[in-house]
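Chemist: The structure follows.
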Amino acid sequence: MKALAIDTTNNVLGIAIVEEDKVIGEYITNLKKNHSVRAMPAVERLLSDCDITPKQLDKIIVATGPGSYTGVRIGVSIAKTMAWALQLPIVGVSSLEILAANGRFFNGLISPLFDARRGQVYTGLYQYDNQNLVTVENDQNLLLTDWLEMLKSKNERILFLGNDLPIHEETITHILGGLAEFAQVALHNPRPSELALIGVRKNAEDVHSLVPNYIRLAEAEAKWLEQQK
């Protein structure tokens, strides 16, 4: 099975192609640039470099969020369009789960983290069990301090990953002390190859019902709903 994976949920733009358990090609940048301009050309370039045509693909895998609202929509739109046009199965994967996969050699809990502003974060809790990444706490959006107090009660070592860690590292250390460990900087980028390998093992979804997982409403949407009450 040849699968194409696409992740545009945050500043990282990631494209990968895998065949079974082999990574054929991978493209990653971590830049504040417009994914709407760069994502599709990156897909085309990687397919070309790997001598693979779109018709040779067997599956499309996409990161569905949380993350940047615009970024999430771009990746999901590209993936759904390709899956529909090529009549291919499609799978959505949490962008936090993808990042957590970088902690596969950590013997403890894994907390991937994206900044959500105003002291809030997008995060979840994961752990490897016999090489399988399992969810301990579902992805959520909440105050970092509330999340850390919950983690403190577990009294276990916790690995934090993510490019937004510098924003929150002081708070994490203050509350968790020695329970907190921070991944090396090379592990902060979610890898599209991990996205692909996770998605290959997941069941396909209906292309029309697959939607972004923002976790929380955009501020404009929340204000509009409040005005309707």
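The values are calculated or read from the model by the stated rules, or taken from the named source; none is laboratory data. Computed from a prediction, not measured in an experiment: that's the story for all the values here. Here the Cβ is made from the backbone with ideal geometry for all residues, glycine too, and neighbour counts use every protein chain on show. The accessibility values were calculated without ligands, DNA or RNA, using every heavy atom of the protein model including side chains. Shrake-Rupley method; radii C 1.70, N 1.55, O 1.52, S 1.80 Å.
Chemist: Identify, please: which residue in the stretch 137-166 is open to solvent by 60 Å² or more (accessible area, probe 1.4 Å) and either among the polar types (S, T, N, Q) or under 16 Å from the mean Cα position of the chain (by Cα) (or both) and is, among those, farthest from Val121 (Cα to Cα)?
Modeler: Selected residue: Asn155.
Chemist: Out of (1) part of a helix (DSSP H, G or I); (2) open to solvent by less than 50 Å² (accessible area, probe 1.4 Å), the odd one out for Ser77 is which?
Modeler: The failed condition is (2).
Chemist: Inspect the stretch 181-200 for any residue being β-branched (Val, Ile, Thr), out of contact with any Leu (no Cβ under 9 Å at 6 or more places or on another chain), in contact (Cβ under 8 Å) with a residue 24 or more places away in the chain and under 23 Å from Gly14 (Cβ atoms) and give the result as yes or no.
Modeler: The answer is yes, given that some residue of the stretch 181-200 is β-branched (Val, Ile, Thr), out of contact with any Leu (no Cβ under 9 Å at 6 or more places or on another chain), in contact (Cβ under 8 Å) with a residue 24 or more places away in the chain and under 23 Å from Gly14 (Cβ atoms).
Chemist: Here's something else I'd like to know. Under the condition of being of a type in the set (Val, Ile, Thr) and without any contact (Cβ under 8 Å) to a residue 60 or more places away in the chain, which residue from the stretch 1-33 is nearest to Pro190 (Cα to Cα)?
Modeler: Of everything passing the filter in the stretch 1-33, Thr29 is nearest to Pro190 (Cα to Cα).
Chemist: How about the stretch 20-29: which of its residues are open to solvent by less than 70 Å² (accessible area, probe 1.4 Å) and either assigned to a loop (DSSP other than H, G, I, E, B) or not hydrophobic (A, V, I, L, M, F, W, C) (or both)?
Modeler: Gly25, Glu26, Thr29
Chemist: Next question, about the same structure. Restricted to the stretch 167-178, and to residues that are within 15 Å of Leu113 (Cα to Cα) and among the aliphatic types (A, V, I, L, M), which residue is nearest to the chain's Cα centre (by Cα)?
Modeler: Filtering the stretch 167-178 for residues that are within 15 Å of Leu113 (Cα to Cα) and among the aliphatic types (A, V, I, L, M), the one nearest to the chain's Cα centre (by Cα) comes out as Ile167.
Chemist: Which residue pairs have Cβ atoms closer than 9 Å, lie 6 or more positions apart in sequence or on different chains, and pair a first residue in the stretch 112-131 that is within 13 Å of Leu151 (Cβ to Cβ) and assigned to a strand (DSSP E or B) with a second residue that is open to solvent by 40 Å² or more (accessible area, probe 1.4 Å) and basic (Lys, Arg)?
Modeler: Leu125/Lys154
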